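The structure under discussion appears below in the form of structure tokens.
Here, each number is a calculation from the coordinates, and none is a lab measurement. Nothing here was measured: the structure is a model prediction, and the numbers come from that model. No Cβ is skipped: glycine too gets one built from the backbone with ideal geometry, and neighbour counts run over all protein chains shown.
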Amino acid sequence: MTICPGVYIKSNCPLFKIMEKIIPEKYNYLSEVFDFLPSHVLLDKGMTGCGGTTLELTCPRNSIVLVPTINLVENKVRNGILGITYKTDDKEIDEYLNSSIKYKKIIGTYDSLSRVINKNLEDYFLLIDEYHYLFTYYKFRQTAIRNLLEHYKDFKDWCFMTATPLSQDNILEELKDIETLSLKWEGKAKLEIQFTPTEFYNKVLQNRIYDCLHSDYNLHIFLNNFATIKKLVEAYLKLDYRVVCSPNQRDKSSLNFQHVNSQVRKINFYTATAFEGVDIFDEKGKTLVVSDSRHMSTMMDISIFITQIAGRIRDSQWINKIEYIFSASKHRYLNKNDIEWEYFVAENKKRGMAMISLYNKGTAYEKETNEETTNQDKQFSYYVNKNETGLFFDPNLVKCDYDNYRIFKNLSELYTQRPKEKARGIIINSKFKSEIEEIAYRFLIKGHEYTRQELEDLFFDKQLISKKSFQPSFISDNFDNFQSKRKTIRGKKYTVYTFY
């Protein structure tokens, strides 16, 4: 395994090695630290928005990137990258693999691995992105996740990456012997969470939307309840909004469903498909996270995804600020110390065993009509799962609950990129002039002076140009936020470019 300088062993425990790398304050993106993602590790990248997926999709090697959701696939696809979803047929895959593209880049959902596993791609680098998802959603997507865990070692090089690392106790059995590389970013902004407990979250949401409509910012609302979204939209005669969700959810109402890459609106709603990994660009975007009070007692409450939602709006001037609206009286993890938490878990175990006993004793009619034993939220809350033979106690759900409790308790320790500053009076636009500009700003160093030759070599290495030559107007045609000037370097005059 090749690791860049500065890594040291934090723990020599034979069952769980943790290596740590300190990233100096001047760096903001992984592409400034690594030429390639490291192999054969669980990579805790330490912060959302640091460009881990982008690094793999732009570095000079063949790659397969696996992500949890279709929206994340669609969000990351660019020219020269093949996105595999349920819409992609085998012919498209074969044509891409046989194309003249120098470095093949494939991105798909976890389910997509089965589509390429028999195509002799063992020399490709395999990145399993957002790998905490494998544990959090194991009970929902066992087939795809089991397939991934069984076949990832078929590839010569691979990496599991996340910004939401799992605790030592909750690493899946198949991954427990893999070393963890933990990145620590110096000088980043602490995440500031405004906790807003309320028993009337719909009313608070309406007030936040009203304030937004009369202010110079846009609102990005993360929640997982279509009924709430529909009610909020219907409260206004004409609302400039969009709803980003998974494709198979879009038939549930007549809401204004949009692609994750669609134009930002005044009010933007996101369901679970956009909680992790996607890039949203809106300099005037404020983030609001809302817990549905009807599901606050379950371990799948949205609060555990704040780690991922933080910094999701990549260029926001409020990138390190979130408001979290929730019902304090029903919150599973709020205001509990560790002793109270252990008691809470023990009580849920008892309720779970009682639920299983009640189900097993009941008649077929009672099994179908008893709300207590058929409500999936309550089943999970009491660590009860269901298979073809009936209800059973699931210790993995206990592990999930412990990990979610740990995540919630550590929310105050999160950090993000610092809010963008306006450099030398130049206004930084929230929109990019071109696709090249959007990609380039993920690896160009702000304020650094580049010669044309350096840019030509860099853009070629990152596959933004097909050969080492571009027209004199290439920079002005594709970039807005830059300055150029003549400068003498080692006795010769050069034009140098500085980007913001």
TODO: Compute the FRET efficiency between Ala354 and Gln194 as 1/(1 + (r/R0)^6), taking r as their Cβ-Cβ distance and R0 = 41 Å, and round to the nearest 0.05.
DONE: 0.60
- [ ] Add +1 for every Lys or Arg and -1 for every Asp or Glu among the other residues with Cβ under 11 Å from the Cβ of Leu191, and state the total.
- [x] +1
Open item on the list: Could you give the length gained by full extension between Gln263 and Glu438, i.e. 0.36 nm per residue of separation minus their alpha carbon distance, to one decimal place?
Closed with: 61.5 nm
- [ ] Find how much the distance from Asp94 to Asn385 grows on full extension, using 0.36 nm per residue of separation minus their present alpha carbon separation; answer in nm with one decimal.
- [x] 100.8 nm
TODO: Provide the net charge surrounding Asn320, with neighbours chosen by a C-beta distance below 9 Å and charges set as Lys +1, Arg +1, Asp -1, Glu -1.
DONE: +3
Open item on the list: Placing unit charges on C-beta atoms (Lys and Arg positive, Asp and Glu negative, everything else neutral), compute the dipole magnitude of region 190-332 about its Cα centre in debye, rounded to 20.
Closed with: 260 debye
TODO: Restrict the search to region 92-126; then list the trypsin sites (Lys or Arg not before Pro) that DSSP places in a loop and that have at most 14 other Cβ atoms within 10 Å of their Cβ.
DONE: Lys102, Lys119
- [ ] Diagonalise the Cα gyration tensor of region 99-236 and give the resulting equivalent ellipsoid semi-axes, square root of 5 times each eigenvalue, largest first, whole Å.
- [x] 39, 20, 18
TODO: Mind scanning Lys45/Lys349; Lys336/Lys386; Lys105/Lys156; Lys184/Lys330 and naming the pairs with a C-alpha gap bigger than 23 Å?
DONE: Lys45/Lys349; Lys336/Lys386; Lys184/Lys330
- [ ] Obtain the radius of gyration and the Kirkwood radius of region 72-163 from its C-alpha atoms and give Rg over Rh.
- [x] 0.94
Task: Overall dimensions of region 190-332 as given by Cα atoms, namely Rg and Dmax in Å - done: 14.0, 39
Task: Shape parameters for region 435-499, alpha-carbon atoms, Rg then Dmax in Å - done: 11.5, 36
- [ ] In Å and from the alpha-carbon atoms only, list the Rg and Dmax of region 14-150.
- [x] 15.5, 46
Task: Alpha carbon centroid spacing (whole Å) that separates region 67-140 from region 195-268 - done: 30 Å
Open item on the list: Please compute the volume of the convex hull spanned by the alpha-carbon atoms of region 32-78 and report it per residue in Å³.
Closed with: 107 Å³
Open item on the list: I need the peptides 86-99, 144-157 ranked by packing, meaning the mean over residues of other C-beta atoms within 10 angstrom, with the highest value on top.
Closed with: 144-157, 86-99
